[in-house]
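Q: My questions all concern the structure below.
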Amino acid sequence: MSGWCETDEPNGSKAVSLLLRLSALILALASAIMMATADDCTVAGATPTAVTYRDYGAFVYLVWANVAAAMLEAAAIYLQLSGAGKGDGDDGGSKLPGIILVVVDVLAQALLYSSTGASYGAMVGVDACVAFGAQVGRARLLSLGASVSLGLAAVVKDVSLPFNVWPGSSD
C-alpha cells in the first residue's frame, strides 16, 4: 500500500493539513455535543418554561451542520491518507479522489461557516439563562474554531512545507 508517508520528498504540509483536519473534526463534534446538551434553563415567571437549543432554529442547524461537517471531515481524512490528489492524469493516476477531496472541503466549510454565522445571529435571553447562554457561547466558539481549522487545512494542503515528518531511510 502506498501511503502518504512513504516518500522521501518533504511532506510537512500533508502532516499539518492532517492535524488541522483532525482538530476540525474534534472541534465540530465538541460544538455539536455542547450545543445539544444546552438545556439547563427554566425561565421563571407566571408560567415557567424550559429553554433548550431546540427552541432556536439556528442552534438546531448548528448541531446538525457540525455533525455533517465532522462526517465530511472523516471522509476527507480518509481521502488524504489514501493519497487523494496524487494522480496528475499523466501517469495513469486518477484525479477523481482529489476532486472529491476539494468538494468535501467546500461542503464542510460551507456548513461550518453558515451554521456558525447563524448561531451568532440568533438572539438568546442570556440575562434570564446565564448557564444556557454560556454553554451556547462555548459551542459557538468551538464551531468557529472548527471553521478556521478547516479553512487552514484546505490552504496548507497546497503549500509546500520544507520538512519531513517521518525520518528518512537510515542507509
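Q: Could you grab me the full set of residues in the range 131-156 that are touching a Ser or Thr at 6+ places or on another chain (Cβ under 6 Å), open to solvent by 10 Å² or more (accessible area, probe 1.4 Å) and closer than 17 Å to Trp64 by Cα?
A: Residues satisfying the conditions are Arg140, Leu142, Leu144.
To keep it simple, each residue is scored yes or no on (1) closer than 20 Å to Asp55 by Cα; (2) modelled with pLDDT under 90; (3) acidic (Asp, Glu); (4) touching a strand residue (DSSP E or B) at 6+ places or on another chain (Cβ under 6 Å).
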position: Val106; (1), (2), (3), (4): no, no, no, no
position: Tyr113; (1), (2), (3), (4): no, no, no, no
position: Thr116; (1), (2), (3), (4): yes, no, no, no
position: Tyr120; (1), (2), (3), (4): yes, yes, no, no
position: Asp127; (1), (2), (3), (4): yes, yes, yes, no
position: Gln135; (1), (2), (3), (4): yes, yes, no, no
position: Val148; (1), (2), (3), (4): no, no, no, no
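The values are calculated or read from the model by the stated rules, or taken from the named source; none is laboratory data. No experiment lies behind these values; they were computed from the predicted model shown. When we count neighbours, we look across all protein chains shown, and the Cβ atoms used for this are built from the backbone with ideal geometry, even at glycine. These area figures cover heavy atoms from the full protein model, side chains too; ligands, DNA and RNA do not enter into them. Shrake-Rupley method; radii C 1.70, N 1.55, O 1.52, S 1.80 Å.
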